[in-house]
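Working notes for the structure below.
We did not get these values from a lab; they are worked out from the coordinates using the rules stated. Since this is a predicted model, take the numbers as computed values, not measurements. Here the Cβ positions follow ideal geometry from the backbone for every residue, glycine too, while neighbour counts run over all protein chains shown.
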Amino acid sequence: MNNRITARFRVTFPGFSLEVDLELPGHGVSALFGPSGCGKTTLLRCIAGLQQADGKLLIGDAVWQDASSFVPVHQRPLAYVFQEASLFPHLSVRDNLLYGYKRISREQRRVVFDEAVAWLGLEELLKRDPGSLSGGQRQRVAIARALLTSPRLLLMDEPLAALDLKSKADILPYLERLHDELDIPVIYVTHSPDEVARLADHLVMLEGGRVLASGSLTETMARLDLPIQREEDVGVALEAQVVERDEDWHLARAEFPGGSLWVRDMGIPVGGRLRLRVLARDVSLATAVIPEQSSILNLLPATVTELVDDAHPSQRLVRVAVGKTPLLARLTARSADALGLVPGKPIWLQVKSVAVLE
């Protein structure tokens with residue numbers, strides 16, 4: 001059965017136009033990423049039917065929009081989570097959650113009440129009024145309420161943008177849990193590389209109303225021809241599996257296609273999955289390695305595949321392949337020259353365990 005999302009839109013405003021042609025997976029989280037004003041929210045509104053635009057929208061085999069038809073927003077089986085959580089102030093958290101849930105027949109329910117409550121950690125909040133909740137708690141309620149309408153598509157427009165750093169840190173683990181548990185495709189708008197790395201499976205990069213890149217998270221983050229690679233915290237996100245735990249030193253070895261990394265033991269059992277983020281600034285390269293004389297635990301054979309000038313002329317950004325997995329390294333132009341780095345050159349890649357983000 002076809003479950004892909006086809007989105008083709010063209011819309012023009014004074015001083016701005018959006019023109020996109022996208023094929024997105026019908027599962028997991030697809031992140032729309034780019035600077036403010038690049039068209040992320042406009043594209044999301046077109047998908048929702050809130051913004052009239054010429055185009056085509058297919059959700060699997062269902063036609064939501066084409067040249068001869070347009071399904072109005074209230075007839076589209078989707079849910080939309082905004083930056084600000086708009087809860088009903090006169091209803092308790094439980095009644096807010098039940099508001100949409102009770103309107104879905106039992107046969108159509110794809111998410112049950114207790115599941116959504118557990119996923120978002122709302123068990124202790126059900127009797128409270130929205131006015132007594134923190135910003136992060138309100139947003140968790142808003143997400144759960146959206147899920148309980150059993151949408152075929154979940155749209156999230158920078159749901160963490162209005163939260164302070166602590167609230168963001170509190171809610172991200174719940175969103176990661178949704179990523180692992182949810183069987184509903186999510187289109188997630190953000191301008192945060194950290195949110196992309198932690199939540200997305202598919203990445204769409206927008207600039208000036210156009211699609212610069214669209215593809216799997218790891219491959220797209222490892223491209224050297226995109227503006228994101230000039231950011232200080234550029235890096236690659238990896239899906240990995242715990243294959244070994246060293247309880248004496250509180251470390252775990254996480255394996256990915258082509259290699260493995262020793263990282264902090266977060267209590268994930270052997271066989272469990274986790275996502276790692278390796279920043280380019282935390283990767284060093286060497287033509288030879290003597291492990292006994294280094295404090296760095298992660299020493300991986302790799303091959304240089306590409307290198308480009310970085311934002312500052314003193315630096316180079318290097319893409320390497322560890323087996324089939326791409327990683328990035330940021331180093332000085334002087335070091336790149338001294339090592340004789342060229343595409344195809346075998347190299348040793350070094351990553352500090354304490355630098356790998358989970």
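For the residue pairs Lys56/Lys166; Lys127/Lys166; Lys168/Lys352, the C-alpha atoms sit more than 32 angstrom apart in Lys56/Lys166.
Going from the residue with the fewest nearby Cβ atoms within 10 Å to the one with the most, Leu58, Leu182 rank Leu58, Leu182. Averaging Cα coordinates gives a centre for region 229-253 and one for region 1-68; these two points are 34 Å apart.
Trypsin sites (Lys or Arg not before Pro), restricted to region 84-168: which are DSSP loop and have at most 15 other Cβ atoms within 10 Å?
Sites meeting the loop and neighbour criteria: Lys102, Arg103, Arg109, Lys127, Arg128.
Only Lys, Arg, Asp and Glu carry charge here, each on its Cβ (+1 for the first two, -1 for the last two); on that basis region 5-221 has a dipole of about 660 debye about its Cα centre.
Per-residue ellipticity at 222 nm from helix content only, as computed over the chain with -39500 (n - 2.57) for each DSSP H run of at least four residues, stands at -6000 deg cm²/dmol. In the calculated pair-distance distribution of region 312-358, the portion above 17 angstrom amounts to 39 percent of the Cα-Cα pairs.
Relative contact order for region 5-221: 32 percent, from Cα pairs under 8 Å spaced at least 6 residues apart, divided by residue count. Among beta bridges identified by DSSP and lying wholly in the chain, the antiparallel ones come to about 80 percent. The GluC sites (Glu not before Pro) of region 237-323 meeting both criteria, a DSSP state outside H, G, I, E and B (loop) and at most 11 other C-beta atoms within 10 angstrom of the site's C-beta, are Glu247.
Please work out the Cα convex hull volume for region 5-221 and give it in Å³ per residue.
For region 5-221, the hull spanned by Cα atoms encloses 124 Å³ per residue.
The P(r) of region 235-355 has a tail past 20 Å containing 42 percent of all C-alpha pairs. If you take all other residues with their beta carbon under 12 Å from the beta carbon of Ser314, and give Lys and Arg +1 and Asp and Glu -1, the sum is 0. Under 22 Å Cα to Cα from Lys345, which lysines show up? Leave out anything in the same chain fewer than 8 places away. Filter leaves Lys324. For region 197-318, a simple Cβ point-charge model (Lys and Arg +1, Asp and Glu -1, everything else neutral) yields a dipole of about 240 debye relative to the Cα centre. Quotient of the Cα radius of gyration of region 120-276 and 2.2 N^0.38 Å, N being its number of residues: 1.18. The modelled label-to-label distance for the pair His250/Ser36, using points 7 Å beyond Cα in the direction of Cβ, is 4.0 nm.
Short version: what are the Cα gyration tensor semi-axes of region 173-262, square root of 5 times each eigenvalue, largest first, in whole Å? Mind dumping the intermediate values first?
Details: eigenvalues 151, 60, 27 Å².
Semi-axes from the Cα gyration tensor: 27, 17, 12 Å.
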